[in-house]
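Here is the structure we will look at.
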Amino acid sequence: MEGQTKSEDDTARLRAKVHFERGRHYFDANRFEDALAAFEEAIKADPEYLRAHTAQANALTLLGRVEEALIICDDIIAKDATFALAYTTKATTLHRAGRPAEAAEHYRGGVELAPDEHATHYNFACFWALEGNEEECEKYLRRALELDPHSKPKAATDGDFASVREKEWFQNLVAFGS
């Protein structure tokens, strides 16, 4: 944030994070309009907070405003081509728009940029489950849960995994303590 002191920058980022967390709460409750408003407030507080921009794109996608979401993702990638979450967010949006080949390409980009980022692997596993590729789903979900074992309860109930939920490998993978 040009022209601000370090203290002002820190205060703006803190304010942005508060709005962002509120937005995540709304998002998790499927209150996407409220989530979008909170993410937009986070961006106003700190325009450089890229995670808030990706969250904004996710909310727009779930509100059916796919083209707006894609523009935001492209803007993020233009600003920072190494920000893996932008690729994953764009991939999710493309998949919802019925463009699975392009989505897979962007998911791969996100995984390559952030091989140790849980969300990139988790979202790619969701993609493969929805696309009916059990082998790829298992591969990416296994890696996601290695990176963040606390995601097992979410994976166990995530609707994206409905096609594999009854599979033995899935049951073993999301079992607590495994």
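A few points about this structure:
- Region 61-94 and region 128-161 have their alpha-carbon centroids 22 Å apart.
- Our helix-only sum for the chain, with -39,500 (n - 2.57) per DSSP H run of n ≥ 4 divided by its residues, gives a mean residue ellipticity at 222 nm of -23500 deg cm²/dmol.
- Cα gyration tensor shape of the chain, rounded if a/c is under 1.5, else prolate or oblate by comparing a/b with b/c: prolate
- Charges were assigned to the Cβ only: +1 to each Lys and Arg, -1 to each Asp and Glu. The resulting dipole of the chain about its Cα centre is roughly 340 debye.
- Here the residues 137, 73, 126, ranked from fewest to most Cβ neighbours within 10 Å of their Cβ, fall in the order 126, 137, 73.
- The Cα atoms of region 1-80 give a gyration tensor whose axes a ≥ b ≥ c have a/c of 1.5 or more with a/b no greater than b/c, which makes the shape oblate.
- Cα-centred dipole magnitude for region 1-80, charges only on beta-carbon of K, R (+1) and D, E (-1), debye, nearest 20: 280
- Each of 54, 82 was scored by other Cβ atoms within 10 Å of its Cβ. Arranged with the fewest first, they read 82, 54.
- Gyration tensor verdict on region 135-178 (Cα atoms; rounded if a/c is under 1.5, prolate if a/b is larger than b/c, oblate otherwise): rounded
- Note that region 72-78 has calculated 3J(HN,Hα) couplings of 4, 4, 4, 5, 5, 4, 5 Hz, one per residue in order, obtained from phi through the Karplus relation 6.51 cos²θ - 1.76 cosθ + 1.60 (θ = phi - 60°); glycine and proline are x.
- Of 44/139; 17/167; 79/139; 79/152; 44/79, pairs whose Cα-Cα distance is over 27 Å: 44/139; 17/167; 79/139; 79/152
No lab work stands behind these numbers, since they all come straight from the coordinates. Since the structure is predicted, the reported quantities are computational estimates derived from the model, not experimental observations. Virtual Cβ from ideal backbone geometry, glycine too; neighbours counted across all protein chains shown.
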